[in-house]
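Visitor: Here's a structure for you.
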Amino acid sequence: MRPVGLISTKTTLFGQHMSMPVFVSPAGVHSLCNDEGECASTRACSRVGTMFALSQHSTKSIEQVSSVGGNTNLWYQSYILKDRQMTLNLIKRAVNAGYKGIFLTVDSVRFGYREADARNGFNALPAPHRLLTMMENWV
């Protein structure tokens, strides 16, 4: 038996203070669930003081997400693309926008067959959603 009145979940990860050792991991296309997409998720992380990782397959741009981030500990997920210069440009954009770290994803050399998506006819994002991170006009 120990006293529990002064327990804290606060921690530091890679020099960044967090209210608890929890983060929103990179997952794409948040706008399918909420029109504000990744921006809404980032604001939620800012309110609770934890980390948010933006997926390279986001429906909001790197800059849009950082502009609403406040004090959020933002990280960016990067895939190594065939076009290495595009990969570098995306990482530079994240650094310039204030992201604190990079999750480097190396296990997706080929887009997998997703039986449930095929069965349900899901082969593209419904309008007006787009993957803004990758759009050329944002590079």
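Visitor: Go through (1) modelled with pLDDT of 95 or more; (2) within 23 Å of residue 127 (Cβ to Cβ); (3) open to solvent by 60 Å² or more (accessible area, probe 1.4 Å) for residue 65 and report which single condition fails.
Guide: It is condition (3) that residue 65 fails.
Visitor: If you don't mind, there's one more thing I want to ask. Name every residue in the stretch 4-29 that is of a type in the set (Gly, Ala, Ser) and within 19 Å of residue 46 (Cβ to Cβ), in order of residue number.
Guide: Correct list: 15, 19, 25, 27.
Visitor: Here are 52, 23: which of them is over 19 Å from residue 124 (Cβ atoms), open to solvent by 70 Å² or more (accessible area, probe 1.4 Å), touching a residue at least 24 places away in the same chain (Cβ under 8 Å) and not aliphatic (A, V, I, L, M)?
Guide: After ruling out the rest, the residue left standing is 23.
Visitor: Residue by residue through the stretch 68-117, note down the ones that are among the aromatic types (Phe, Trp, Tyr) and surrounded by 12 or more Cβ atoms within 10 Å (Cβ to Cβ).
Guide: Within the stretch 68-117, 75, 76, 79, 99, 103 meet the criteria.
The values are calculated or read from the model by the stated rules, or taken from the named source; none is laboratory data. Values in this document were obtained by computation on a predicted structure and should not be read as measured data. Cβ sites come from the backbone with ideal geometry, for glycine too, and all protein chains shown count toward neighbours. The protein model used for the area step is the full one, side chains on, heavy atoms only, and it has no ligands, DNA or RNA in it. Shrake-Rupley method; radii C 1.70, N 1.55, O 1.52, S 1.80 Å.
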